[in-house]
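Let me begin by presenting the structure, written as structure tokens, before commenting on it.
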Amino acid sequence: MQVTAIVPAAGRGKRLGSTVPKQFIELEGKPVLMYSLEALDRIEEIQDIIISAHESEINTIQKLLSDFHIKKVVDVVQGGEERVQSVRNAFNRIGATDYVLIHDSVRPFITPGTVREVLAAGIAHGAAISAIPVTDTIKFADTNGVIVKNVNRRGLWLAQTPQVFKYNILAEAYRAYDKRPVDITDESGLVELTGVKVKIVAGSILNIKITREEDLILARLIAGMP
Ligand code: C5P
């Protein structure tokens, strides 16, 4: 059984207001994206990894892969305008594989346990993602920031990565997307639209996505944990 990992790393980090895209910011002397790549590189169930990157950063990434002795990356492809396009560009480079595991380059704190659990669920169900249950109270507001209604949080989850799909299920989701493009921010969303049932695996709140300035404060604390 072959598992290919895709790591989208072509984001420009606009929301962080930093000149360095967030995947290259160093935590404890190591660029953010190398945390995920090292973790995925060590998981035996994953045979190869494809990264998508901004054109101007492909060489930087190639150098980091060599400096950090990452063995399984077979290609660094050019990303797209949106995350979904970046992942797809990497998907298009896959020759043959059975399962595709997608993980954001800006979620440095995945554990081998989470990766293996999502992979096992993906193999059992065809599609699985890591997610955490919503614990805050949810409000829906208008564009002026005035609350319109409460949203019951029962059954609500925050989607994370890793996300795992059987190759053919993801290929079918892309074919459907071509017929009817939708504004969706993860691959699970595309797969759900084809009617496939996606299994949730409860993840960890430490698997944060570095998006805003404050996330970096948390990331530095987590990276420094004993
Ligand atoms: O922008 P967002 O926080 O959703 O990014 C999630 C992941 O997708 C990051 O790893 C980022 O580098 C990647 N991304 C990408 N191509 C884009 C936008 C985001 O590969 N055009």
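The values are calculated or read from the model by the stated rules, or taken from the named source; none is laboratory data. Since the model is a prediction, treat every value here as computed from it, not as a measurement. All Cβ positions, glycine included, derive from the backbone under ideal geometry; neighbour counts span all protein chains shown. Calculation scope for accessible area: heavy atoms of the full protein, side chains included, ligands and nucleic acids excluded. Shrake-Rupley method; radii C 1.70, N 1.55, O 1.52, S 1.80 Å.
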Sole miss for ASN150 among (1) away from the ligand (no atom under 14 Å from the Cβ); (2) in contact (Cβ under 8 Å) with a residue 40 or more places away in the chain; (3) over 20 Å from SER204 (Cβ atoms) is condition (2)
Subset of segment 183-197 [over 16 Å from the mean Cα position of the chain (by Cα) and surrounded by 13 or more Cβ atoms within 10 Å (Cβ to Cβ)]: GLU192, LEU193, THR194, VAL196
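Give me the residue from segment 86-121 that is of a type in the set (Asp, Glu) and within 27 Å of THR211 (Cα to Cα) and, out of that set, farthest from the chain's Cα centre (by Cα).
Here the residue is GLU117.
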With near the ligand (Cβ under 9 Å from one of its atoms) and open to solvent by less than 50 Å² (accessible area, probe 1.4 Å) as the only criterion, which of LEU33, LEU37 stands out? LEU33
As an exercise: evaluate VAL7 against (1) more than 9 Å from the ligand (Cβ to nearest atom); (2) outside any loop (DSSP other than H, G, I, E, B); (3) β-branched (Val, Ile, Thr) and give the number of the one condition it does not meet. (1)
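Name every residue in segment 29-59 that is closer than 30 Å to ALA120 by Cβ and not hydrophobic (A, V, I, L, M, F, W, C), in order of residue number.
Passing the criteria: LYS30, PRO31, TYR35, SER36, GLU38, ASP41, ARG42, GLU44, GLU45, GLN47, ASP48, SER52.
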On the given criteria, is LEU170 surrounded by 18 or more Cβ atoms within 10 Å (Cβ to Cβ) and modelled with pLDDT of 95 or more? yes
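Checking the conditions here, which among ARG180, ARG153 is out of contact with any strand residue (DSSP E or B) (no Cβ under 9 Å at 6 or more places or on another chain) and either loosely packed, with under 15 Cβ neighbours inside 10 Å or under 30 Å from VAL3 (Cβ atoms) (or both)?
Going through ARG180, ARG153 in turn, the sole match is ARG180.
Residue check: is LYS139 at pLDDT 95 or above, assigned to a strand (DSSP E or B) and open to solvent by 10 Å² or more (accessible area, probe 1.4 Å)? Step through it out loud before you land on a result.
Working: at pLDDT 95 or above: yes; assigned to a strand (DSSP E or B): yes; open to solvent by 10 Å² or more (accessible area, probe 1.4 Å): yes.
Here the answer is yes, as LYS139 does meet what is asked.
Just the residues that are of a type in the set (D, E, K, R), out of contact with any Ser or Thr (no Cβ under 8 Å at 6 or more places or on another chain) and in a loop (DSSP other than H, G, I, E, B), please, taken from segment 165-199.
Of segment 165-199, the ones of a type in the set (D, E, K, R) are 166, 172, 175, 178-180, 183, 186-187, 192, 197, 199.
When the remaining residues are screened for being out of contact with any Ser or Thr (no Cβ under 8 Å at 6 or more places or on another chain), the result is 166, 175, 178-180, 183, 187, 192, 197, 199.
Scanning segment 165-199 gives ARG180, ASP183, LYS197.
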Looking only at helices (runs of 4 or more DSSP H) that fall completely inside segment 54-134, which ones have 1 or more residues that are within 16 Å of the ligand (Cβ to nearest atom) and open to solvent by 70 Å² or more (accessible area, probe 1.4 Å)? 83-92
